[in-house]
1. Sort out which residues of region 24-56 are among the aliphatic types (A, V, I, L, M) and in contact with a Leu (Cβ under 9 Å, 6 or more places away or on another chain), and write them in order of number.
2. Just for region 49-70: of the residues that are among the acidic types (Asp, Glu) and at pLDDT 85 or above, which one is surrounded by the most Cβ atoms within 10 Å (Cβ to Cβ)?
3. Just wondering, is there one or more residues in region 19-28 that are surrounded by fewer than 10 Cβ atoms within 10 Å (Cβ to Cβ) and at pLDDT below 85?
Amino acid sequence: MENLLTSTIFDGWKIESVLGSGAYGKVYKASREEFGVVYHAAIKHVGYPQNDADLAELIMNFNMAMNVYNAALSSGAMVIQKSLVDFIR
């Protein structure tokens, strides 16, 4: 794969630097000039699993994130439910 820091991608956007990276990929600062105005954007480059072990890790991370999300929704619903009952009384 070519180096994203030296490439021009999609419709004239040019990668300037790396803003950060995480479990799912890197985020780059990009810019494009159009009619004398310079526009800036953040572009996230997400990789895909290269083998079965990477895919299994991705599925496990997704399931953990989904469980955390569902737990947050559940506890939030309990708080709202009790607050609404107290308000109605």
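The values are calculated or read from the model by the stated rules, or taken from the named source; none is laboratory data. Just so you know, these numbers come straight off a predicted model, no measurement behind them. All Cβ positions, glycine included, derive from the backbone under ideal geometry; neighbour counts span all protein chains shown.
1. Once the filter is applied, which keeps residues that are among the aliphatic types (A, V, I, L, M) and in contact with a Leu (Cβ under 9 Å, 6 or more places away or on another chain), region 24-56 yields Val27, Ala42, Ile43.
2. Applying the filter and picking the extreme gives Glu57.
3. Looking for residues that are surrounded by fewer than 10 Cβ atoms within 10 Å (Cβ to Cβ) and at pLDDT below 85, one finds at least one in region 19-28, hence yes.
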